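Student: What follows is a single structure, and I will ask about it in a moment.
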Amino acid sequence: MSNQNLNEQTASSKNKGYRVFAILIAALSLIALFLPIKTFAGNKVSTHISFALLGQMFASPYKKWGFIPMLGDPVSATTRLGSYAVCCFIVAMLVVLAVAIVAIVLSAKDSSAKKTQVFATIAVYAFTLASAVYSLVITTITSYVANVAVVIDVTTVALTAIGCILYLFLLIQKYQAGSLFYVVQFVCSFAVLAFTILAFTRLGEKVAPALDVARRYKVFAMLFILGMTTVVGFASLCGFYPNNKKASNVISVSILFFQTGTLFGMALLAAVADIHVRDYEIYTYVAGIITFSQFLATILWIALTGNKKEKPIKALTDKEYIEVLPYEGGPVSGIYVAEVVEEDAPAEESAEAPVEEPATEEASAEEGAPEEASEEEQAPEGPFDAFMLTLTKEERAQFTDLYILKTVSMPEIPAYVVGGDNKKFFNKVFIFIAQYRNVIPSALLAKMYDFSMKL
């Protein structure tokens, strides 16, 4: 198997996987446009088909700034916020559908998975974020209005959950299971943002008088909400691109300190502004418990993964070469080396050599054996390497592509040294076998396992 064929096979497999994600998210975004969602306008909650609702809004006489359609009279701040949320959600679904279609087209035209992966990731991320924000806005508005029960939009909550699952599988396909931690970190920070907003909006008619005592109290409340929104934005960077563990860990610790400071400030504001609202205290405490759990999880994560990072091995270019080292160790159990027979002996030696008796039929049969020997019995050219002697010509080519030329990125596995001590190499291969099993031929893997058991 050549380097080019191996690379093409791996890229094609990834390309198909990302195409499936693109098709799924395109279907979900299209379905979302025809699902019933909760809306708020004129101090009441109603249910509408999202795409049909957009047409009704454009037909409405109410417009903001002359072109943004409103669900009702824009004099009310809650009506404006509900209208903005509907417009943004529908537009986001249309954009996600367009991006997913682009990813599908690219997957059909180009066998490389890079462009398809980028567009598919953006589509899934935008779909999940738009659904989550809309569900949070509806819950926030209904919790703020006194004469309306708190509403949770089941449709967008379900879409958010599906988007999170798809996004998690998408990250695992590229970055392995380590990305799960940063996704959970983002979800927790988003939950803290939700509780921070609800602390000020739930029973807002009781919280508002305390904040009206001084202008700075309102400024602090707004800063806390904006601060947590910024925290969620930075947390999403880790969830969107978790490849750099060091940068992701620094961001995680930084946002947790900022998150803790925000919650401490909310508790201090409640004491200074004399906010005696039970819901405010409950939401603040719950957010504090989530943040404390994040701190413990982050410290544990850094402690467990901090020492596992190995220096990546640079892939060789066409102009570079592998230096072959001679094997200086002793014989290996179960491995036999054929003796080298010189066919063309020098003339002087043949003259001095004693005359031997004619070869028997049994000896003649043995002379023809080397020509009929299989590839497994023939010793490869070059220095002695106990493992290489066990491989066929095709298996040696496969092994060279994977572990010497490094055509597939395996940063956790050290380079194989021809003729050297490779015990650590074989140990690492089977430690990380779950990550790279799909690129290792079964016959080659079996021989690697057999040989590793003898070390």
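The values are calculated or read from the model by the stated rules, or taken from the named source; none is laboratory data. On a predicted model such as this, the values are computed, not experimentally measured, just so you know. Every residue, glycine as well, gets a Cβ built from its backbone with ideal geometry; the counts of neighbours run over all protein chains shown. Areas reflect the complete protein model, heavy atoms only, side chains present, ligands, DNA and RNA absent. Shrake-Rupley method; radii C 1.70, N 1.55, O 1.52, S 1.80 Å.
Student: What about residue 146, is it modelled with pLDDT under 80, aliphatic (A, V, I, L, M), under 30 Å from residue 47 (Cβ atoms) and open to solvent by 70 Å² or more (accessible area, probe 1.4 Å)?
Tutor: Taking the combined requirement at face value, the residue satisfies it.
Student: With the requirement that a residue be among the acidic types (Asp, Glu) and open to solvent by less than 60 Å² (accessible area, probe 1.4 Å), what does segment 404-449 give you?
Tutor: 412
Student: In segment 397-419, what residues are assigned to a helix (DSSP H, G or I) and either touching a strand residue (DSSP E or B) at 6+ places or on another chain (Cβ under 8 Å) or more than 19 Å from residue 433 (Cα to Cα) (or both)?
Tutor: 397
Student: Next up: Would you please list the contacts, defined by Cβ atoms under 8 Å and residues six or more apart or on different chains, that run from a residue in segment 39-64 that is farther than 25 Å from residue 29 by Cβ to a residue that is of a type in the set (S, T, N, Q)?
Tutor: 42/76; 42/79; 43/76; 43/78; 43/147; 64/83
Student: Another question, then. Please tell me if residue 309 is of a type outside the set (Ser, Thr, Tyr), out of contact with any Lys or Arg (no Cβ under 7 Å at 6 or more places or on another chain), surrounded by fewer than 13 Cβ atoms within 10 Å (Cβ to Cβ) and at pLDDT below 75.
Tutor: For residue 309, the condition - of a type outside the set (Ser, Thr, Tyr), out of contact with any Lys or Arg (no Cβ under 7 Å at 6 or more places or on another chain), surrounded by fewer than 13 Cβ atoms within 10 Å (Cβ to Cβ) and at pLDDT below 75 - is not met.
Student: Filter segment 82-95 down to residues that are in contact with a strand residue (DSSP E or B) (Cβ under 9 Å, 6 or more places away or on another chain) and either over 12 Å from residue 133 (Cα atoms) or modelled with pLDDT of 90 or more (or both), then give me how many there are.
Tutor: The number of residues fulfilling the criteria is 3.
Student: Among the residues of segment 104-122 satisfying the criterion of being assigned to a helix (DSSP H, G or I) and small (Gly, Ala, Ser), which is modelled with the highest pLDDT?
Tutor: Among those residues, the one meeting the criterion is 120.
Student: Here is a follow-up. Any idea which residue in segment 101-143 is nearest to the chain's Cα centre (by Cα), counting only those that are over 24 Å from residue 90 (Cα atoms), surrounded by fewer than 23 Cβ atoms within 10 Å (Cβ to Cβ) and of a type in the set (Ser, Thr, Tyr)?
Tutor: 112
Student: While we're looking at this one, here's another question. If the requirement is being open to solvent by 30 Å² or more (accessible area, probe 1.4 Å), in a helix (DSSP H, G or I) and in contact with a strand residue (DSSP E or B) (Cβ under 8 Å, 6 or more places away or on another chain), which of these qualifies: 51, 58?
Tutor: 58
Per-residue answers, yes or no, for (1) in a helix (DSSP H, G or I); (2) in contact (Cβ under 8 Å) with a residue 12 or more places away in the chain; (3) in contact with a Gly (Cβ under 9 Å, 6 or more places away or on another chain); (4) not hydroxyl-bearing (Ser, Thr, Tyr):
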site: 73; (1), (2), (3), (4): no, yes, yes, yes
site: 89; (1), (2), (3), (4): yes, yes, no, yes
site: 93; (1), (2), (3), (4): yes, yes, no, yes
site: 102; (1), (2), (3), (4): yes, yes, no, yes
site: 138; (1), (2), (3), (4): yes, yes, yes, yes
site: 147; (1), (2), (3), (4): no, yes, no, yes
site: 160; (1), (2), (3), (4): yes, yes, no, no
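Student: Do you know which residues across segment 104-121 are free of Cβ contacts under 8 Å to residues at least 24 places away in the same chain and touching a helix residue (DSSP H, G or I) at 6+ places or on another chain (Cβ under 6 Å)?
Tutor: If the condition is that a residue be free of Cβ contacts under 8 Å to residues at least 24 places away in the same chain and touching a helix residue (DSSP H, G or I) at 6+ places or on another chain (Cβ under 6 Å), then 106, 115 are the ones that fit.
Student: Let me ask something else. Among the residues of segment 169-187 satisfying the criterion of being open to solvent by 40 Å² or more (accessible area, probe 1.4 Å) and at pLDDT 80 or above, which is nearest to residue 411 (Cα to Cα)?
Tutor: 169
Student: Considering only residues that are open to solvent by less than 30 Å² (accessible area, probe 1.4 Å) and of a type in the set (A, V, I, L, M), which ones fall in segment 89-98?
Tutor: 90, 92, 93, 96
Student: Out of 235, 247, 267, which single residue is at pLDDT 85 or above and out of contact with any Asp or Glu (no Cβ under 8 Å at 6 or more places or on another chain)?
Tutor: 267 is the lone residue from the list that is at pLDDT 85 or above and out of contact with any Asp or Glu (no Cβ under 8 Å at 6 or more places or on another chain).
Student: Identify the residue in segment 61-79 that is within 20 Å of residue 153 (Cα to Cα) and touching a strand residue (DSSP E or B) at 6+ places or on another chain (Cβ under 6 Å) and, among all such residues, is surrounded by the fewest Cβ atoms within 10 Å (Cβ to Cβ).
Tutor: Here the residue is 72.
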